[in-house]
Amino acid sequence: MKDENSILYVLTTDEPTKQYSPLVLAQTAAMMDLRPMVYYLGTALKILKPGEAENIKLGSFPSVAEMIKKTLEMNIPIYVCEASKQMLGWEKVDLINGVKIVGAGTLNDLALDAGATMWF
């Protein structure tokens, strides 16, 4: 069932300059009483390894690690693609606490149900 008040933000890369927009937009959506979700796919998963996001800080923004932490503290779900873990060859990998590893079909379900989907 489509939820017109939900927005799905899909992050597909570990490119540092692309890390902020989905997190800022998700946090803003939550403050607007919308239901944001963030989904990490492909090489974006590299950012979720402990220690990686701490190394990314652009301009006057907090580090990406701080942005992820705030996103999770705002009860915005962060989903991680299981198939992308396999693509990266990560049989056993630790990711930051609070993210939820889901199957590839979950992205399709979330996209079909969201009122809007944005890709980064």
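Table for the structure above
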| quantity | calculated |
| --- | --- |
| Sequence-distant residues sharing a close amide H with Ser6 (under 5 Å, placed H) | Arg35, Gly115, Ala116 |
| Mean Cα-pair separation over length for the chain, i.e. relative contact order, pairs under 8 Å, 6 or more apart, % | 38 |
| For the stretch 2-89, size of Cβ-based charge dipole, Lys and Arg +1, Asp and Glu -1, in debye | 120 |
| Estimated vicinal HN-Hα couplings, Hz - the stretch 69-82 in sequence order (Karplus 6.51, -1.76, 1.60; Gly, Pro = x) | 4, 5, 4, 5, 5, 7, 6, 8, x, 10, 9, 10, 6, 4 |
| Separation of the Gln86 and Asp109 label points, Cα + 7 Å toward Cβ, nm | 1.7 |
| Stokes-Einstein diffusion coefficient of the stretch 3-119, Kirkwood radius over Cα pairs, 20 °C, 1.002 mPa s, in µm²/s | 151 |
| Among Ile96, Ile76, Asn5 the positive-end extreme of the charge dipole of the chain (Cβ point charges) | Ile96 |
| Counted charge near Pro77, where neighbours are those whose Cβ lies closer than 10 Å (Asp, Glu -1; Lys, Arg +1) | +2 |
| From phi via Karplus (6.51, -1.76, 1.60), per-residue ³J(HN,Hα) for the stretch 109-120 in Hz, x at Gly/Pro | 4, 4, 5, 5, 8, 6, x, 8, 10, 10, 10, 10 |
| Calculated from backbone phi, Karplus (6.51, -1.76, 1.60) coupling profile of the stretch 28-44 in Hz, x at Gly/Pro | 5, 4, 4, 5, 8, 6, 9, 10, x, 9, 10, 10, 9, 9, x, 5, 4 |
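Every read-out reported here was derived from the displayed coordinates using simple, explicitly stated rules and does not represent laboratory data. Because the structure is a prediction, the values reported are computed rather than measured. Cβ sites come from the backbone with ideal geometry, for glycine too, and all protein chains shown count toward neighbours.
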